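The values are calculated or read from the model by the stated rules, or taken from the named source; none is laboratory data. Keep in mind that what you see is a predicted model, and the values were worked out from it rather than measured. Here Cβ is always computed from backbone atoms with ideal geometry, including for glycine, and neighbour counts include all displayed protein chains. Accessible surface areas use protein heavy atoms only, side chains included; no ligands, DNA or RNA. Shrake-Rupley method; radii C 1.70, N 1.55, O 1.52, S 1.80 Å.
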Amino acid sequence: MAPKPEIHLATRVQQSPNPIATSPVDEDLMMFSQERNSYFALKGPARAIWESIAQPIVVEQLCEELTAEFDDVDIDECQRDVIAFLTELQDEGLIQIID
């Protein structure tokens, strides 16, 4: 099996086409992956990232949108955290990289 591509600022990502059931609960977003038989709870910036990647988006643009929405995060911190989070989502099969 080929290694998964590394995520960088120029990487374009979007939600995986595999079915994911989602349901908002208060400020959180609960998700269930049938493929992985796993539940996930997203809140705050994690939920904003998930909703932003419904359509293909470049990671750098995603970070710019997030820093505009969440005033207390600088761009460098945002970029590191978003890449780390997207890598976790990739490991769980929840996103895909668009060429």
Within segment 20-99, chymotrypsin sites (Phe, Trp or Tyr not before Pro) in DSSP loop having at most 13 other beta-carbon neighbours inside 10 Å: 70
Length-normalised contact order for the chain - Cα pairs under 8 Å, 6+ apart - percent: 37
Qualifying GluC sites (Glu not before Pro) for segment 5-99 [loop in DSSP, other Cβ within 10 Å: at most 16]: 6, 27, 35, 92
Size descriptor, Kirkwood hydrodynamic radius, that averages inverse alpha-carbon separations across the chain, Å: 13.9
Accessible area per residue, Å², the chain with all protein chains present, probe 1.4 Å: 63
For residue 16, residues with placed amide H under 5 Å, excluding near neighbours: 95, 96
